[in-house]
Structure formats: structure tokens, C-alpha cells
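What follows draws every value from the coordinates through simple rules; no lab data is involved. As the structure is a prediction and not an experimental result, all values here were calculated from the model. A quick note on method: Cβ atoms are made from the backbone with ideal geometry, for glycine too, and the neighbour counts reach across all protein chains shown.
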Amino acid sequence: MTKRSSSLLKKLVISAVLFCPVLSFGQTILELRDSYYIAANADVAWHNDIKFEFDDNAFSKFSYDVGQGISFSIGKICRNWRLEIEGAYRKSNLNRFISDIDGSLDATGFVRDFSLMLNGYWDTYIPCSWWIFYIGGGFGVTFAERRSCAGAVVDCTGIEAQCDGPSTASNTLFAWQGMSGFAYEIVERVFLNLGYRLFMSAKPRSSTEHANDIVLIHNIEMGVRIELW
């Protein structure tokens with residue numbers, strides 16, 4: 001390669017690097033789309049510990065294992081914005097039960113949520129690539145169910161001891177969430193995404209007890225989004 005051609009190549013590379021962000025300002029290297037889509041995600045979930053206080057100042061605390069969840073949504077794209085309706089299911093198994101009377105006990109049970117959310121996203125296309133950064137939020141309602149059976153432990157003989165009896169409670173709660181991550185267009189109109197989601201809901205409650213903490217579920221999720229037309 002001659003010195004002149006080498007200098008020309010350098011100028012072309014520098015021009016492309018500088019000009020590409022200009023092209024992507026207000027639009028993207030992908031065509032601007034105005035269409036409907038469907039999406040699905042699977043996630044790993046970390047539920048926070050929930051402490052309940054009773055009218056007589058007694059308390060109980062529930063600690064959960066790593067859980068999982070799935071979600072499905074249908075939405076509308078308008079340039080860099082997306083609006084969608086989402087249905088999701090999450091479940092985490094109970095690990096420990098702690099109370100002021102019994103201390104810390106092994107326990108069986110679970111907490112699960114069925115949520116219906118309205119979400120909004122903003123997509124920004126990374127210049128000169130097929131990568132997309134997205135950020136969004138949503139609000140809606142969740143139908144939560146908790147079940148616990150404290151003292152269900154396996155003794156040295158391998159036989160599971162019986163607990164006092166399972167306790168079940170359910171709530172319909174206001175919920176909200178925030179999402180962020182990256183998506184990549186593997187083929188035209190088909191995107192894979194990897195992101196983080198923080199799902200939250202109001203404090204669980206009943207006629208005799210109330211939680212000290214709101215529900216916080218941290219999620220690492222992976223999914224697919226397909227644009228329809």
C-alpha cells in the first residue's frame with residue numbers, strides 16, 4: 001500500500017467514525033419502524049426478605065431462595081418509543097422462617113405473583129451497529145399469594161417432620177417496575193434482549209398483620225421480541 005493510499009484510507013476511517021453519529025442523530029442505522037410486536041422473557045429473580053408485624057407486637061420474617069419467572073407482552077412501536085401490555089408470573093420458594101418466638105426455622109412454601117402491567121420504553125440505537133440500548137418503566141397490578149409451613153425439616157433419618165400446618169395469604173397490590181438492557185437484531189425484525197428489571201409492589205397485608213417492607217424483586221432476564229408488521 002502506497003503512502004498516499006494509506007493516508008486516504010485513514011481519512012475515510014476517521015470520516016466514517018465522525019459521520020456515523022451524525023447520521024444516527026434523530027434516527028438510526030436501522031429503518032425507523034411503526035409496527036406492532038410480541039415479546040417473551042424468562043428471568044432469574046431475587047425476592048427480598050419480608051417482615052410482618054402483628055397487632056400484639058410479635059413479628060415473623062420470611063426469607064426466599066432464588067426464584068424464576070416468565071413474561072409475555074404485546075405492544076406498539078412508534079419511532080424510538082414502545083408501549084406495551086405485559087402479563088408476568090414469578091415464583092420464589094421459601095427458605096427460612098424467623099419469628100420472635102421460635103427463632104430461625106427451616107421452612108417450606110413459596111411466594112408467587114401474577115402481574116398485569118402497562119409499560120413504556122425508549123430505545124436508542126448505538127451508532128454504526130445493530131445494538132439497541134433500552135430503558136423503560138411500568139405500572140399495574142399484581143395478584144400475590146404467599147404460602148408457608150414453618151418447621152418442616154428433615155431429620156437424621158431422612159424423614160420430614162410435620163409442621164403446624166400451612167399458612168396461606170393473598171393480596172391484590174399496586175405494582176410498578178423499571179427496566180434497562182440491550183437488544184440485538186439477529187435477523188430482520190427479530191431481536192434478542194438481555195436486561196435487568198426491578199419489580200416492586202405495595203406492602204403485603206391482612207386483617208391482623210402488615211409488612212414492614214415493600215416487595216422488591218431483582219430480575220436478570222433474557223428474551224425475544226418479534227415485530228409483526
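Listed values, structure above:
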read-out: Under 21 Å, Cα to Cα: Lys pairs in the stretch 31-227, sequence gap 8 or more or different chains; value: 6
read-out: Positive minus negative residues near LYS91 (Lys, Arg vs Asp, Glu; Cβ under 13 Å); value: 0
read-out: For PHE62, PHE54, order by how many other beta-carbon atoms lie within 10 Å, fewest first; value: PHE54, PHE62
read-out: Karplus-derived 3J(HN,Hα), 6.51/-1.76/1.60, for each residue of the stretch 118-133, Hz, glycine and proline x; value: 10, 10, x, 10, 10, 9, 10, 7, 5, x, 6, 7, 9, 8, 10, 9
read-out: Residues whose placed amide H lies under 5 Å from that of ASP213, excluding near-sequence neighbours; value: LYS51
read-out: Per residue, the convex hull volume that the Cα atoms of the stretch 31-227 enclose (Å³); value: 124
read-out: Net charge over other residues, Cβ less than 12 angstrom from the Cβ of VAL190 (K, R count +1; D, E count -1); value: -1
read-out: ³J(HN,Hα) computed for each position of the stretch 68-76 - Karplus, 6.51 cos²θ - 1.76 cosθ + 1.60, integer Hz, glycine/proline x; value: 8, x, 9, 8, 9, 8, 9, x, 10
